[in-house]
1. Looking down the axis that turns B into A, which residue of B has the closest beta carbon, and how many Å out?
2. Please report, for B:Ala128, the nm distances (one decimal) from its label point, 7 Å out from Cα along the beta-carbon direction, to the equivalent points in the remaining copies, shortest first.
3. So who's got an amide H within less than 5 Å of the one on A:Val60, skipping anything under 5 residues away but keeping other chains? H placed 1.01 Å off N, in plane.
4. Dividing the Cα convex hull volume of chain B by residue count, how many Å³ per residue is that?
5. Using amide H atoms built 1.01 Å from N in the peptide plane, name the residues 5+ places from B:Tyr75, or on other chains, whose amide H lies under 5 Å from its own.
6. May I ask you to sort B:Val40, B:Val159 by Cβ crowding, counting other Cβ atoms within 10 Å and putting the fewest first?
7. Give me the percent relative contact order of chain A, please, defined on Cα pairs under 8 angstrom at least 6 residues apart.
8. Pull up the cross-link candidates among the lysines for B:Lys28, meaning alpha carbon to alpha carbon under 26 Å and not fewer than 8 places away within one chain.
There are 2 protein chains.
Amino acid sequence: MGQELPITSYALLGLLTFGDELTGYELKRRADATLRFYWVSPAMSQVYSELARLTELGLVARVGEDPGAGRGARYGITETGRKELRTWMSTTPAGFAVLKHPVALRLLLGHVVDPATTKGMLRDHLVALDEERAALDEVRKSLEGADGPGEAFRYPSLVADWGLDYFANERRMIEELLRRLEEQT
Amino acid sequence: MGQELPITSYALLGLLTFGDELTGYELKRRADATLRFYWVSPAMSQVYSELARLTELGLVARVGEDPGAGRGARYGITETGRKELRTWMSTTPAGFAVLKHPVALRLLLGHVVDPATTKGMLRDHLVALDEERAALDEVRKSLEGADGPGEAFRYPSLVADWGLDYFANERRMIEELLRRLEEQT
DNA sequence: ACAGCCATGTAACTCGTTACATGATTAC
DNA sequence: GTAATCATGTAACGAGTTACATGGCTGT
């Protein structure tokens with residue numbers, strides 16, 4: 001226990017706790033679909049190397065047909081993996097969020113360019129924001145029906161609601177910033 | 001132009017556009033004070049290596065006394081640097097924010113541990129959130145007096161207001177999540 | 001027949017971190 | 001005098017990326 005794995009490893013391990021076994025490819029798709037809103041979705045190549053490491057550590061095991069090459073092999077979390085994940089979650093502090101927000105960074109440096117550039121950037125951001133919100137909205141909808149207390153997607157739906165609230169608030173704030181920037185000129 | 005520098009380099013370069021010249025140490029402190037809310041604040045050692053690279057590229061220049069060893073040398077942005085930063089900001093798309101939120105990740109995996117653990121984590125997060133907000137509040141206050149349109153700290157104060165709004169909203173949402181988790185037991 | 005997706009991996013590389021080393025100046 | 005802060009760097013390392021290589025399967 002306590003192999004000091006990076007958080008991304010635990011994240012991938014955690015994606016295998018929803019009752020099914022996945023190929024590396026499918027795990028990547030699941031990460032792209034849900035994890036990417038709260039964590040970085042690792043590159044395809046990293047998914048495979050993480051799976052190799054987790055297998056090595058016995059936290060994950062390949063299941064099903066194993067015809068030599070290992071094409072189409074599925075991976076599932078082991079009892080050891082489940083225990084390790086539980087220990088990590090309940091004994092190590094979560095730590096604070098790290099944000100890399102290029103729009104905020106550029107707004108901070110707004111005095112370097114002309115105001116129209118900054119306003120254009122904020123408007124572009126509104127579009128991007130709407131696209132992301134729409135994608136998360138799809139995810140949220142797909143969880144309906146199993147999102148009640150005690151049901152399978154209870155926690156994923158709580159996080160999705162949090163994410164949707166975040167997007168809504170950011171949209172509101174960007175619009176206010178645009179209004180404030182319009183005031184002068 | 002277009003040396004394809006990482007965003008962090010532009011961020012540090014940007015911190016040198018506020019009318020003063022800084023030592024590496026001071027630059028790190030400025031990054032810790034303001035940049036860290038919207039971007040990662042690089043490690044001390046990286047600040048020095050970035051300054052070396054930016055100097056090499058002529059985007060930054062050491063000014064003042066240069067007594068051999070270079071102790072206490074200050075760096076300032078050059079005309080070339082200013083131009084490069086402006087070009088970067090007005091011609092390359094900002095890109096979407098990347099969030100690494102350990103609390104959201106753990107909430108997503110809430111079914112792995114018992115509810116009390118998750119609730120405890122959220123309550124701890126409220127405390128951390130308040131500390132961060134207080135720190136940003138200090139920053140915001142220090143900008144007062146030069147935060148009007150056309151003034152020196154106009155843009156930094158806009159970003160700070162955005163950050164404060166973000167913290168307020170997150171606090172509200174975590175409280176709602178706690179309420180929702182309480183509803184069951 | 002060809003495009004597009006499913007599927008797995010290696011190699012080279014950059015970013016960024018921690019640990020370590022060193023020493024000057026300032027405050028108490 | 002000694003602790004804290006100012007100040008600068010090197011070295012080793014790990015996380016994570018992009019580019020590249022390879023090939024099967026499916027639909028049209």
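What follows is calculated from the coordinates using simple rules that are stated; it is not laboratory data. Bear in mind the structure is a predicted one, so any value in this text is a computation, not a measurement. Methodologically, a virtual Cβ is constructed for each residue, glycine included, from the backbone with ideal geometry; neighbour enumeration extends over all protein chains shown.
1. Per the Cβ-to-axis criterion, the result reads B:Asn169, 2.
2. Ordered by increasing distance: 2.5 nm.
3. Under 5 Å from the amide H of A:Val60: A:Thr55, A:Thr78.
4. Details: hull volume 28.7 nm³, N = 185.
Convex hull volume per residue, Cα atoms: 155 Å³.
5. B:Leu22, B:Thr23, B:Val63
6. Details: B:Val40 17, B:Val159 26.
Listed from fewest to most nearby Cβ atoms, that is B:Val40, B:Val159.
7. Values: 134 pairs, mean separation 32.9, N = 185.
Value for chain A: 18 percent.
8. Reachable lysines: A:Lys100, B:Lys83, B:Lys100, B:Lys141.
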